[in-house]
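Some notes on the structure that comes next.
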Amino acid sequence: MGCGKGLLPLSSIPGREVTTDTLLLAELAASVPCQVCFDLGTGTGEVLKNACFKDVFAVGVDNSVSALRLFDTRFGQPLLCSVSMLSSVFREGCADLVLANPPYNNSDNSRHSPDPLRREAREGDPLLLYRFIFAGAYLLKEGGCMIITGRLDKSDDIETGLLAAGFSIIEKYNKGRVLAIKAQLLGCS
C-alpha cells in the first residue's frame, strides 16, 4: 500500500483558497509509502484531501470544532483532540506517516488573519510547535516519517525540536516563506 499519486487537485472549501503550506504538505505526503497517516492540526482536512491517498487509513486531528465541521470524511477520519492528549487516545508507534502544520503565531509575532477560522488555526503558545513534534514522535513507528511545515524563519526551532524528539532530518523544502522538513524517526538502540 502506498500514499497518493502526487496529483494535487486545487480543491478546498468554497471561498477559501488552499495555502502554500497545505499544498506542499500534500505533495510531500504523496511520495511517502504508508498505511496509517495522521495529520496533526488538520483544520478542514485539505492536506488529506489534496494528497490523493490510496488504501491509507488517515486521521485528521484538530482541536477546532468549527474547522472539523468542514472536514470531508471521504478523505479521512476527523478527531477532535489536542495534540497533547493523543497519547491517551492512540497507542505508541501506530503510524507510518505524520503530517503537521502547527500554529506559528503568538503574541510576540502575530499578524492576525481577517478569517476567524484561519486566525484560530495560526495562533498558539510558543511551546505548541514542540508539542506537535513530540506527538508525531509518539505516534510514529521506528523509521516512520514526519513532514512538518512552518515559516522559514522558524527553521532552527523546527530542526531543534525534531532532533530533540529523536528524528533525523532527511530533506528540507521551501516555497517562498514556507518551509517543510521531512524527518525520519530513529530507533532507540
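The values are calculated or read from the model by the stated rules, or taken from the named source; none is laboratory data. Note that the coordinates shown come from a computational prediction; the quantities given were computed from them, not determined experimentally. For neighbour counting, all protein chains shown are included, and Cβ atoms are generated from backbone atoms with ideal geometry for every residue, glycine included.
Here's the yes/no breakdown for (1) of a type in the set (A, V, I, L, M); (2) modelled with pLDDT of 90 or more; (3) closer than 12 Å to Gly41 by Cβ; (4) in contact with a Phe, Trp or Tyr (Cβ under 8 Å, 6 or more places away or on another chain):
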site	(1), (2), (3), (4)
Asn106	no, no, no, no
Asn109	no, no, no, no
His112	no, no, no, no
Ala121	yes, no, yes, no
Pro126	no, no, no, no
Ala137	yes, yes, no, yes
Lys141	no, yes, no, no
Ile147	yes, yes, no, no
Gly150	no, no, yes, yes
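Please note which strands (runs of 3 or more DSSP E) are completely contained in segment 127-189 and include at least 2 residues that are under 13 Å from the mean Cα position of the chain (by Cα), β-branched (Val, Ile, Thr) and surrounded by 15 or more Cβ atoms within 10 Å (Cβ to Cβ). Give the steps one after another, and end with the answer.
Working: elements: 140-151, 167-175, 178-185.
Ranges flagged: 140-151.
Scoring Phe71 on the criteria (1) closer than 24 Å to Lys182 by Cβ; (2) at pLDDT 60 or above; (3) not in a strand (DSSP E or B) leaves a single failure, condition (1).
Of the residues examined, Ser87 is not one that is assigned to a helix (DSSP H, G or I) and either more than 17 Å from Phe132 (Cβ to Cβ) or of a type in the set (D, E, K, R) (or both). One residue stands out in segment 165-178 among those that are over 18 Å from Val32 (Cα atoms) and of a type in the set (A, V, I, L, M, F, W, C): the one that is modelled with the lowest pLDDT, namely Val178.
Close Cβ contacts (under 8 Å, 6 or more residues apart or on different chains) running from residues in segment 85-101 that are within 19 Å of Ile148 (Cα to Cα) to residues that are of a type in the set (S, T, N, Q) comprise Asp96/Gln35; Ala100/Thr149; Asn101/Thr22; Asn101/Thr149. Looking only at residues of segment 1-54 that are among the β-branched types (Val, Ile, Thr) and at pLDDT 90 or above, we find that the one that is surrounded by the most Cβ atoms within 10 Å (Cβ to Cβ) is Val47. The residues of segment 45-68 that are assigned to a helix (DSSP H, G or I) and either of a type in the set (Lys, Arg) or farther than 16 Å from Leu139 by Cβ (or both), listed by number, are Glu46, Lys49, Asn50, Val65, Ser66, Ala67, Leu68.
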